[in-house]
1. So, in Å, what gap is there between the alpha-carbon centers of the stretch 1-69 and the stretch 129-157?
2. Given the options LEU237, THR195, ALA206, identify the residue whose Cα lies farthest towards the positive end of the charge dipole of the stretch 169-258 (+1 on Cβ of Lys, Arg; -1 on Cβ of Asp, Glu).
3. Take every Cα pair under 8 Å in the chain that's 6+ residues apart, average their separations, divide by the length, and report that relative contact order as a whole percent.
4. Tell me which residues come under 5 Å, amide H to amide H, from ILE23 once H is placed; ignore anything under 5 positions away on its chain.
5. Using the beta-carbon distance between ALA156 and GLU131 and R0 = 41 Å, what value does 1/(1 + (r/R0)^6) give for FRET efficiency, to the nearest 0.05?
6. Give the residue from ALA74, VAL124, SER104 lying farthest towards the positive end of the charge dipole for the stretch 72-171; charges sit on Cβ (+1 for Lys and Arg, -1 for Asp and Glu) and the dipole is referred to the Cα centre.
7. Can you give the extra length, in nm with one decimal, that the chain gains between ARG213 and ARG72 once fully stretched, where that is 0.36 nm per residue apart less the Cα-Cα distance?
8. Farthest toward the dipole's positive end in the stretch 127-176, which of SER160, ALA133, ALA172, given Cβ charges of +1 (Lys, Arg) and -1 (Asp, Glu) about the Cα centre?
Amino acid sequence: MTDLVRRMEIVRLGYRVDQTGVIAPEAMSRTLAQAREYAAQCSELGVERVRFVATSASRDARNAQEFVVGVRDAFAAFGVAPEVVSGHEEASLSFQGATGDLRSDGISGPYLMVDLGGGSTEFVRGTGDVEQARSVDVGCVRMTERHLRSDPPTAAEIASAIDDIDAAIDLAADVVDFRGISALVGLAGSITTITAAALRLPAYDAERIHLSRLPIAVLTAACSELLSMTRAQRAALPFMHEGRADVIGAGALVWRCILERVARDAGMVEAITSEHDILDGIALSLG
């Protein structure tokens, strides 16, 4: 599979969904505007088949149907509507997208893949295929809105978030066995950004980040550093994508808790970061 164009825009569809149960009008507007732009680019490139997958926010929101209709209108030329996938299918798509390069690079399974998103985090174990999977409702946006409201977050806010995150990890561990794994693999924007911080990159560099292997101690130190910063300090980092600075602290806290738990349960001393994720899994599913 060869990328012609690979884009990532942060539209924050899940903004305040955890608190209100609905997609906010401004979040809906900017997401559908981006969908129209993507549809136009697909037309320009002569795309023949499109699959549009929607995840956590569109599962949770009461007004998700408005989003579905808006996307269907944007992609009318392709006859496509968004598929609101379950947490299990989201995990499976992420796993398939992330593990192909691991195998080709000689990194053997079983893998424990962690896909840390805005509203949810997926834990998937497998080698060639998914063997165990669980999606839990902790993510960088949800934890920011629920707990980390100060800038920087207070010790009490962090402690409250850790309780929430650890409870979610317990739910995942009830289904997904963390023990006996050969590789811990993290993916999606929070984790790739934390890896950029750990590598001290002068700019975001996907090639440097992809399949990098770093000690868990180095990654947890980077997580703690990002968590302690103000939003302005994070925004000034040369590798920080626009729109991520206000939620990366929560993402760092989630990833730190997961790294510490897997190190304890599985004896892992390093983690691998993948730039390939659910987007690649979606593309592969069309083949």
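1. 21 Å
2. It is LEU237.
3. It comes to 21 percent, rounded to a whole number.
4. ARG62, ASN63
5. 0.60
6. About the Cα centre, the residue reaching furthest to the positive side is ALA74.
7. So the chain would gain 46.7 nm between ARG213 and ARG72.
8. Projecting each Cα onto the dipole axis, the largest value belongs to SER160.
Read the figures in this text as sums done on the coordinates, not as results from a lab. This one's a predicted model, so the numbers in the text were calculated from it and none came from an experiment. Positions of Cβ are backbone-derived with ideal geometry, glycine not excepted, and every protein chain shown enters the neighbour counts.
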